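Let me begin by presenting the structure, written as structure tokens, before commenting on it.
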Amino acid sequence: MNAITYHLPDWVTLTSLIILALSMLLALISLFRGPSLPDRIVALDLIASLSIGFTIVFAVSTGNYRYLDIAAIVALVIFIGTVAYASYLKKKYYD
Amino acid sequence: MIKMILIPVLLLAGSLFSLLAAIGVIRFPDIYTRMHAATKAPAFGILLLQTAAAIHFSTLYAVAISLMVIIFIFLTAPVASHIISRVAHLLGTPKWDKTVIDELENDPDVSIPEKISGSRTKQS
Amino acid sequence: MSKIIENTIDLIIFLLFYLKEMVKANLVLARDILSPVMKISPGIVKVPIAAKSDSQVLALFNLITMTPGSLCMDISDDKKNIYVHGMYVKNRDAFEKEVKEGIEKKVMEVFE
């Protein structure tokens, strides 16, 4: 083995978290601004995807791999959420 | 040490692609082009971030759960974008002025469900 | 036995192709988003497909959504046509040919 031990510097995860927070802010702006309801669904979907990324970077920065479970659960749930919103809109079209 | 270089690059690239998706959703003019940004870029960003996490922990559990998340995201992202764009087209969401062609409009091959004329009909 | 190995090799080639297409798609998307002037010309094109089984349709759907500048919108009732939203539809026939030659041929090779 090499003498240098692997160590992830703090500023990397910090920068990633800041970038992800900025993009979440932008997604929130587009959620408020979106002219129609489907636009808002797209923004919500994007926010959910960003929160998965946030959880993964947080797991790497704390060094606890159990946080990856949260990412898996969010990934499983957001799909159902998006489909539920879409079918709600379809029902609205029927009325 | 290859890990020393690979993991920061993957983490930063993944979060930058997520930022790209957010900028695209704000900048693009109509919903269909927005869907391009909101489907491809976050899926790729999550792929990069999960790869970084799998290499960082490099235990069997972390690799397995990372693989599961990646496969699930890549199976469901196209389905979600399909269902949103279909509903948006059904509701008649306005398209951009410079849209060249629309062959889905009034096409007989796709059955548009009839509006149910029930007691809750909207007055317009 | 040799059939299984052949299928596995086909699948690996398909996955590598998928990865390559996705990286390309994201770079094209980045160029589109960050360019100061929007040079896109979107449009929805009806493309006839030759895919028969459901797994072929699913793979085609997935791959079209992940390739540069195209997004699957809908599929007709008899599963013979598919509606693709493209970013650069300058010429309708050229776009249809691009989808058919580039992507569908690849899918039909792997998922026979």
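Where a number appears in this text, it was derived from the coordinates with a stated rule and is not lab data. All of these numbers come straight from a predicted model, not from anything done at the bench. Cβ atoms come from the backbone with ideal geometry, glycine included; neighbour counts cover every protein chain shown.
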Cβ pairs under 8 Å, 6+ apart, first in the stretch A:18-33 and more than 7 Å from every other protein chain (Cβ to nearest Cβ), second of a type in the set (Lys, Arg): A:Leu31/A:Arg40
Within the stretch B:83-96, considering residues that are more than 7 Å from chain C (Cβ to nearest Cβ) and touching a residue at least 40 places away in the same chain (Cβ under 8 Å), the one nearest to C:Leu71 (Cα to Cα): B:Ile84
Qualifying residue in the stretch B:74-82 (condition: within 8 Å of chain A (Cβ to nearest Cβ), in a helix (DSSP H, G or I) and surrounded by 21 or more Cβ atoms within 10 Å (Cβ to Cβ)): yes
Filter result (facing another protein chain (nearest Cβ under 8 Å) and either hydrophobic (A, V, I, L, M, F, W, C) or surrounded by fewer than 23 Cβ atoms within 10 Å (Cβ to Cβ) (or both)) within the stretch A:53-67: A:Ile56, A:Val57, A:Ala59, A:Val60, A:Tyr65
The stretch A:36-72: number of residues that are within 23 Å of B:Ser58 (Cα to Cα), of a type outside the set (Ser, Thr, Tyr), more than 16 Å from the chain's Cα centre (by Cα) and part of a helix (DSSP H, G or I): 1
Considering residues of the stretch C:42-84 that are touching a Cys at 6+ places or on another chain (Cβ under 8 Å) and either among the hydroxyl-bearing types (Ser, Thr, Tyr) or facing chain B (nearest Cβ under 9 Å) (or both) only, the residue surrounded by the fewest Cβ atoms within 10 Å (Cβ to Cβ): C:Phe61
Single residue of the stretch A:73-86 satisfying the filter (of a type in the set (Gly, Ala, Ser) and more than 8 Å from chain B (Cβ to nearest Cβ)) that is nearest to B:Phe57 (Cα to Cα): A:Gly81
Whichever residue in the stretch B:49-72 is buried (at least 24 other Cβ atoms within 10 Å of the Cβ) and of a type in the set (A, V, I, L, M) and, among such residues, is nearest to A:Ser23 (Cα to Cα): B:Leu49
Inter-residue pairs, beta-carbon under 8 Å, first closer than 18 Å to B:Met1 by Cα and in the stretch B:56-67, second in a loop (DSSP other than H, G, I, E, B), 6+ apart: B:His56/A:Leu8
The one condition in (1) part of a helix (DSSP H, G or I); (2) out of contact with any Asp or Glu (no Cβ under 9 Å at 6 or more places or on another chain) that A:Leu8 fails to fulfil: (1)
Test for C:Leu58: is it of a type in the set (A, V, I, L, M) and part of a helix (DSSP H, G or I): yes
Hits in the stretch A:32-52 (condition: surrounded by fewer than 19 Cβ atoms within 10 Å (Cβ to Cβ) and farther than 30 Å from A:Val12 by Cβ): A:Phe32, A:Arg33, A:Pro35, A:Ser36, A:Leu37, A:Arg40
Subset of the stretch B:8-29 [at the interface with chain A (Cβ under 9 Å from one of its Cβ atoms) and not in a helix (DSSP H, G or I)]: none
Hey, C:Leu29 in contact (Cβ under 8 Å) with a residue 12 or more places away in the chain, part of a helix (DSSP H, G or I) and more than 16 Å from the chain's Cα centre (by Cα) or not: no
Residue in the stretch C:65-83 that is of a type in the set (Val, Ile, Thr), part of a loop (DSSP other than H, G, I, E, B) and farther than 22 Å from B:Ile73 by Cβ present: no
Test: residue in the stretch C:91-100 that is touching a residue at least 24 places away in the same chain (Cβ under 8 Å) and assigned to a strand (DSSP E or B): no
